[in-house]
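I have placed the structure first, in the form of structure tokens, so that the comments after it can refer back to it.
The values are calculated or read from the model by the stated rules, or taken from the named source; none is laboratory data. If you're wondering where the values come from, they're calculated on a predicted model, not measured in any experiment. Please note: Cβ atoms are built from the backbone with ideal geometry, for glycine as well, and neighbour counts cover all protein chains shown.
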Amino acid sequence: MKHVMLDLETWDNTATAVVIQIGACYFDPTTKKIGQKYMQHIHADSEMRAGFTIGASTIDWWMQQSSKAQCAALGNITERKPSFDVWLDFNFFLRHAEHIWSHASFDAAILTYHLSVHNIKPVFSYHALKDLRTLQLLSGIDPKVYKLASDGVLHDALTDATLQADWAGDALVKIGCI
């Protein structure tokens, strides 16, 4: 599998955002099979020490989410790891990715910025980064339908990544890219 779906849960809506959770999965868009998965919670304080930011409006948004979503995104304190360690590990996870799907103006921007701040050379080419919003526009597929059909907790990075992989596969087939 060479396609990866990425989803980040953050405390701001800019590339400088504190990331609290990374979820990703390799997937085959033609069979919709999910391959290797990645899920990690990050210590927010280690992100802040590295200079990443918290936005009040994003914290307000999180306070309006379900308690299940809040618990899933925050994770147990013992599950959280230091920022540098997680980004280094996640970069290694991406070593086989030829296509990294996400919201390019959000997740991809955060990914590349965080690797840069930590002086981690990406194992992937910038050509690998692909945009879900463009895919949605071209295919006409509404991803909300997939979220409504989900029995998982929304705003959990791995749940969101697997849902996005499902609809992205359908969208790629629909527009004839696969």
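Take the residues in segment 18-41 that are in a strand (DSSP E or B) and more than 13 Å from the chain's Cα centre (by Cα); name whichever of them is surrounded by the most Cβ atoms within 10 Å (Cβ to Cβ). So, considering only residues that are in a strand (DSSP E or B) and more than 13 Å from the chain's Cα centre (by Cα), the one surrounded by the most Cβ atoms within 10 Å (Cβ to Cβ) is 27. The set of residues in segment 79-107 being crowded, with 16+ Cβ neighbours inside 10 Å and of a type in the set (Ser, Thr, Tyr) consists of 83, 102.
Of the residues that sit in segment 139-178 and are charged (D, E, K, R) and closer than 19 Å to residue 31 by Cα, which one is surrounded by the most Cβ atoms within 10 Å (Cβ to Cβ)? Going through the qualifying residues, I end up with 160. Among the residues of segment 108-138, those that are among the polar types (S, T, N, Q), closer than 21 Å to residue 28 by Cβ and either buried (at least 18 other Cβ atoms within 10 Å of the Cβ) or under 17 Å from the mean Cα position of the chain (by Cα) (or both) comprise 134, 136.
Residues to consider are 147, 130; find the one that is among the basic types (Lys, Arg) and touching a strand residue (DSSP E or B) at 6+ places or on another chain (Cβ under 6 Å). Break it down stepwise before answering.
Values: 147 fails: touching a strand residue (DSSP E or B) at 6+ places or on another chain (Cβ under 6 Å).
The conditions single out 130.
Under the condition of being among the aliphatic types (A, V, I, L, M) and in a helix (DSSP H, G or I), which residue from segment 42-53 is nearest to the chain's Cα centre (by Cα)? First the steps, then the outcome.
As a first pass, look at segment 42-53 and keep what is among the aliphatic types (A, V, I, L, M): 42, 44, 48, 50.
With in a helix (DSSP H, G or I) added as a condition, the list becomes 44, 48.
Numbers: 44: 16, 48: 19 Å.
The extreme case among them is 44.
In segment 41-52, the count of residues that are touching a strand residue (DSSP E or B) at 6+ places or on another chain (Cβ under 6 Å), modelled with pLDDT of 95 or more and hydroxyl-bearing (Ser, Thr, Tyr) is zero.
Of all residues in segment 143-178, how many are out of contact with any Leu (no Cβ under 9 Å at 6 or more places or on another chain), farther than 20 Å from residue 108 by Cβ and part of a helix (DSSP H, G or I)? Even if it seems obvious, please write down each step before you answer.
So in segment 143-178, the residues out of contact with any Leu (no Cβ under 9 Å at 6 or more places or on another chain) come out as 144-145, 148, 151, 153, 155-156, 158-159, 162, 165-166, 169-170, 173, 176.
Subset that is farther than 20 Å from residue 108 by Cβ: 144-145, 148, 151, 153, 170, 173, 176.
Pick out the ones that are also part of a helix (DSSP H, G or I) and you get 144-145, 148, 170, 173.
Qualifying residue count for the region: 5.
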